[in-house]
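Worksheet: one structure, shown below.
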Amino acid sequence: MIEKLYEKYMLERSYNPLLEEIEFEIFKEKINDILSDMNCINIDDGAKEQGILYYSLWSNDGVQVCSVPVYGYYASSEKVLSKLFCKLSKEIVSNGDTQFQINLYAHDTEALKLFSMMQFGYMYEQGRLKVDNHAHCFSDKFTFKTLTKHEIEEYWDEIWKLTNAIVTHLKQAPVFYQGNEFTQQVYKEFFMDSDTSLHVAFSKKHKMIGMIESNSEPDLYAFQNIKSVNVGEIYVVPEYRGSSLSNDLLHYVIDYEKQRGVRYLWVGHGTANPNARGFWNKFFKTYAYQLVRKIEKI
């Protein structure tokens, strides 16, 4: 079955060459290590029906969470994949209400359609951007700076004002996120972490007018340890939207991380937010989606 998982990965790579090329033996070693702690169900009827589904289980506020990784499923047909999930859900939901998270390749159209038909909703997507060949002419209207931890303390009121504007935007449209976890303390700890870099833009009057962060959270597709960083939390104050500032912020991060030996950036963002999709998808090539559905115990 590892060969089948490898074929699925390489098929997605044929659509998205930003996914790294990897030899089967290395893929096998990495995937066996990743999947070793996961549960598994399978269907094997010789050549007629074959399928396998790996999943992880944990609890969140009394609700089971069952997550299927994007590199952890194979089915010889849509029907077999449906049987696998029905088998899984029957077993898992018998133990209590369950939030399912199904991670699928961006171009696995049959699986995406199947789970949509099974009343799953799109929640999250991931994409990549290679840092090479991104020449950019920065506007001379803005000044950009990567803040030290001391400067984050010094500018914290301004930083939180921008960050809180993101949170407020999400909360104003409950279809995006409820945002209960987005507290000032959580963000400050995140920005102060040694693995996070906070980059900001100032106007000519030295007013903080935009921000973006990059961090060392690993991309699950970095099978050969190619250096990558995660990027997110971009915000531009309303009066500067429509200028080049958001592009400048992203390209400032590209230049900053490229000098540190990074090969590519990756981003994960909610699919319910058209602002996020509208910006990130201009630059990042999507390679995976997460679909979710809560199923209650009968």
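The 3J(HN,Hα) values that the Karplus relation (6.51, -1.76, 1.60; θ = phi - 60°) gives for the stretch 114-120 are, in residue order, 4, 6, 4, 5, 8, 6, 7 Hz. Gly and Pro appear as x. Within the straight-line cut-off of under 16 Å between alpha carbons, the aspartates and glutamates reachable from Lys297 are Asp61, Glu91, Asp97, sequence neighbours fewer than 8 places apart in one chain being disregarded. In this simple spin-label approximation, Glu153 and Val65 carry label points 7 Å from Cα along the Cα→Cβ vector, and these lie 3.3 nm apart.
Exposed loop sites were defined as GluC sites (Glu not before Pro) in DSSP loop states (anything but H, G, I, E or B) carrying at most 13 other C-beta atoms within 10 Å; in the chain the longest segment without such a site runs 24-180. Enter the Cα centre distance for the pair the stretch 89-162 and the stretch 230-287, rounded to the nearest angstrom. Cα centroid to Cα centroid, the span is 11 Å.
Taking the Cβ-Cβ separation of Asn39 and Thr109 as r and a Förster radius of 30 Å, what is the calculated FRET efficiency to the nearest 0.05? Don't skip to the end; give the middle numbers.
Details: r = 27 Å, r/R0 = 0.89.
Once the sixth-power term is evaluated, E becomes 0.65.
Under the simplified labelling scheme, the Ser244-Gln99 pair shows an inter-label distance of 4.2 nm, with each label point 7 Å from Cα along Cα→Cβ. For the chain, which longest stretch is free of loop sites, where a loop site is one of the trypsin sites (Lys or Arg not before Pro) that DSSP puts outside H, G, I, E and B and that has at most 15 other Cβ atoms within 10 Å? Free of exposed loop sites, the longest segment is 49-140. Can you work out ³J(HN,Hα) from phi for every residue in the stretch 273-290, in order, using Karplus 6.51 cos²θ - 1.76 cosθ + 1.60 and θ = phi - 60°, giving whole Hz and x for Gly and Pro? Along the stretch 273-290, the couplings run 9, x, 5, 5, 4, x, 8, 4, 6, 6, 10, 9, 8, 5, 10, 7, 10, 10 Hz. For the stretch 143-262, the number of Lys pairs with C-alpha atoms closer than 25 Å, counting only pairs eight or more positions apart or on separate chains, is 22. Subtracting the Cα-Cα distance of Ser139 and Lys188 from their residue separation scaled by 0.36 nm leaves 14.7 nm.
Based on the Cβ-Cβ distance from Ser76 to Ala165, what FRET efficiency comes out when R0 is 51 Å, to the nearest 0.05?
Details: r = 49 Å, r/R0 = 0.96.
Efficiency, from the Cβ-Cβ distance: 0.55.
Sequence-distant contacts, meaning Cα pairs under 8 Å at least 6 residues apart, place the relative contact order of the chain at 25 percent. Rounded to whole numbers, the Karplus 3J(HN,Hα) couplings from phi for the stretch 14-23 are 5, 8, 10, x, 6, 6, 6, 6, 9, 6 Hz, using 6.51 cos²θ - 1.76 cosθ + 1.60 with θ = phi - 60°, and x at Gly and Pro.
Helix-only estimate, please: 222 nm mean residue ellipticity of the chain, summing -39500 (n - 2.57) across DSSP H runs of length 4 or more and dividing by its residues, to the nearest 500. It would help to have the intermediate numbers written out before the result.
Details: 9 runs with 107 residues, N = 298.
Roughly -11000 deg cm²/dmol at 222 nm, from the helical runs in the chain.
Excluding same-chain neighbours fewer than eight residues apart, the lysines reachable from Lys48 by a Cα-Cα span under 16 Å are Lys4, Lys79, Lys83.
The numbers here are math on the coordinates, done by the rules we state, and not lab data. Remember, it's a predicted structure, so these values are computed and weren't measured experimentally. Virtual Cβ from ideal backbone geometry, glycine too; neighbours counted across all protein chains shown.
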